[in-house]
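All remarks here apply to the structure that follows.
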Amino acid sequence: MIVEIDGGQHNGNERDNIRDAYFKDRGYVVKRYWNNDVLNNIEGVLADLKMTIDNLSPHPIPLPQGERGHKNLSP
């Protein structure tokens, strides 16, 4: 999951939309919150993040074996 906190200048920003589509095409969930929401409604932001995390499926591209701790990487 990718979380971004933005100011109002990003509202409707085409570059943000292109970047979000790039990540979504690779299986990521992109969550964007406005600065004002984070500063004035952190409980709501955290509740939304928790709900999103609770509903996530495993990433479609598995991590390499060494990243999962299954492979001993010591020399």
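The values are calculated or read from the model by the stated rules, or taken from the named source; none is laboratory data. These figures come from a predicted structure and were not determined experimentally. Glycine gets a Cβ as well: all are built from the backbone with ideal geometry, and neighbour counts include every protein chain shown.
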* Qualifying residues in region 32-66 (those that are at pLDDT below 90 and of a type in the set (G, A, S)) - the one surrounded by the most Cβ atoms within 10 Å (Cβ to Cβ) -> G66
* For L49, indicate whether it is assigned to a helix (DSSP H, G or I), touching a residue at least 24 places away in the same chain (Cβ under 8 Å) and under 16 Å from E4 (Cβ atoms). => yes
* What is the residue count in region 1-31 for residues that are basic (K, R) and either at positive phi or surrounded by fewer than 14 Cβ atoms within 10 Å (Cβ to Cβ) (or both)? -> 3
* Determine whether R19 is out of contact with any Asp or Glu (no Cβ under 6 Å at 6 or more places or on another chain) and at pLDDT below 90. => no
* Is there a residue being out of contact with any His (no Cβ under 8 Å at 6 or more places or on another chain), in a helix (DSSP H, G or I) and of a type in the set (A, V, I, L, M, F, W, C) anywhere in region 30-41? -> yes
* Asked: Restricting the search to region 1-29, which residues are more than 14 Å from the chain's Cα centre (by Cα) and part of a loop (DSSP other than H, G, I, E, B)?
  -> G7, N11, G12, N13
